[in-house]
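This report concerns only the one structure given below.
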Amino acid sequence: FKVNLPLVDGNSSTQPEDQGQTIPSGTERILLVDDEPSLSAMLSKVLENLGYRVTAVSGKTDRYDWLRDLGATDVVGRDAVDETSGRPMLKGRWAGGVDTVGGNTLATLLRSSDQQACIAACGLVGGNDLPLTVFPFILRGVTLAGIDSALTPRADRLAIWKKLLLQV
């Protein structure tokens, strides 16, 4: 599983859409950890439209059907991504993921990722520590990609959002 993001030079006014790159599609299982309804809705729909099977995580059981209606193949509770056994590796389940929580949730996602998975992290409401070993990175080739949109130029952010919205 590979994630190919548009190359953006922070000092350039070149828009990602001008570079002729497309958003990759696939059929792998992606885990989406986010309780923000609007972000969950958009990401689920985009990933579903690209062919991915999305498993959404929610702490609110009343949102399960809603998340499925938006494109999630499956919905699980927060406890499914809060594994505390301390085992350095878990059974590989995810080809990729998006985590807005951080802490042990992010560590669980990384430890349960498949070979060559890419996990995007963009939050730390669950903590700023990352309790895990290097095993997911060196034994499975997992990539942890930090997302920092705050310093990305506004024009580049708008171009990326436009490209994503075209997938909804």
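The values are calculated or read from the model by the stated rules, or taken from the named source; none is laboratory data. Treat the numbers as computed from the prediction; the structure is a model and nothing was measured. Every residue, glycine as well, gets a Cβ built from its backbone with ideal geometry; the counts of neighbours run over all protein chains shown. When the accessible area is computed, the model is the full protein with side chains, heavy atoms only, and any ligands, DNA or RNA have been set aside. Shrake-Rupley method; radii C 1.70, N 1.55, O 1.52, S 1.80 Å.
Listing for the model above:
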{"quantity": "Residue list for the range 106-134, restricted to those being in contact with a strand residue (DSSP E or B) (Cβ under 7 Å, 6 or more places away or on another chain) and assigned to a helix (DSSP H, G or I)", "calculated": "Leu106, Leu109, Leu110"}
{"quantity": "For Thr143: the one exception among (1) modelled with pLDDT of 95 or more; (2) in contact with a Cys (Cβ under 6 Å, 6 or more places away or on another chain); (3) open to solvent by less than 50 Å² (accessible area, probe 1.4 Å)", "calculated": "(3)"}
{"quantity": "Given (1) out of contact with any Pro (no Cβ under 7 Å at 6 or more places or on another chain); (2) over 30 Å from Lys163 (Cα atoms), number of the condition Arg93 does not satisfy", "calculated": "(2)"}
{"quantity": "Leu39 being within 23 Å of Arg93 (Cα to Cα) and modelled with pLDDT under 80", "calculated": "yes"}
{"quantity": "Filter result (under 18 Å from the mean Cα position of the chain (by Cα), assigned to a loop (DSSP other than H, G, I, E, B) and farther than 16 Å from Cys122 by Cβ) within the range 135-168", "calculated": "Arg140, Gly141, Val142, Gln167, Val168"}
{"quantity": "Qualifying residue in the range 83-95 (condition: loosely packed, with under 15 Cβ neighbours inside 10 Å, over 23 Å from Ala41 (Cβ atoms) and of a type in the set (A, V, I, L, M))", "calculated": "no"}
{"quantity": "Residues of the range 111-140 classified as open to solvent by 90 Å² or more (accessible area, probe 1.4 Å) and among the β-branched types (Val, Ile, Thr), total", "calculated": "2"}
{"quantity": "Residue pairs meeting the criteria (Cβ under 6 Å; at least 6 apart or on separate chains; first closer than 15 Å to Leu47 by Cβ, in the range 96-116; second open to solvent by 30 Å² or more (accessible area, probe 1.4 Å) and among the aromatic types (Phe, Trp, Tyr))", "calculated": "Gly96/Phe1"}
{"quantity": "Matching residues, the range 27-42, being within 14 Å of the chain's Cα centre (by Cα) and surrounded by fewer than 24 Cβ atoms within 10 Å (Cβ to Cβ)", "calculated": "Glu28, Arg29, Asp34, Asp35, Glu36, Leu39, Ala41, Met42"}
{"quantity": "Residue pairs meeting the criteria (Cβ under 7 Å; at least 6 apart or on separate chains; first at positive phi, in the range 135-147; second open to solvent by 40 Å² or more (accessible area, probe 1.4 Å))", "calculated": "Gly141/Gln115; Gly141/Gln116"}
{"quantity": "Pairs where the first residue, in the range 73-90, is more than 18 Å from Gly127 (Cβ to Cβ) and in contact (Cβ under 8 Å) with a residue 40 or more places away in the chain and the second is open to solvent by less than 70 Å² (accessible area, probe 1.4 Å) and part of a loop (DSSP other than H, G, I, E, B), C-beta under 6 Å, 6+ apart", "calculated": "Pro88/Thr133"}
{"quantity": "Among residues of the range 51-80, those that are in contact with a Ser or Thr (Cβ under 6 Å, 6 or more places away or on another chain) and open to solvent by 80 Å² or more (accessible area, probe 1.4 Å), counted", "calculated": "1"}
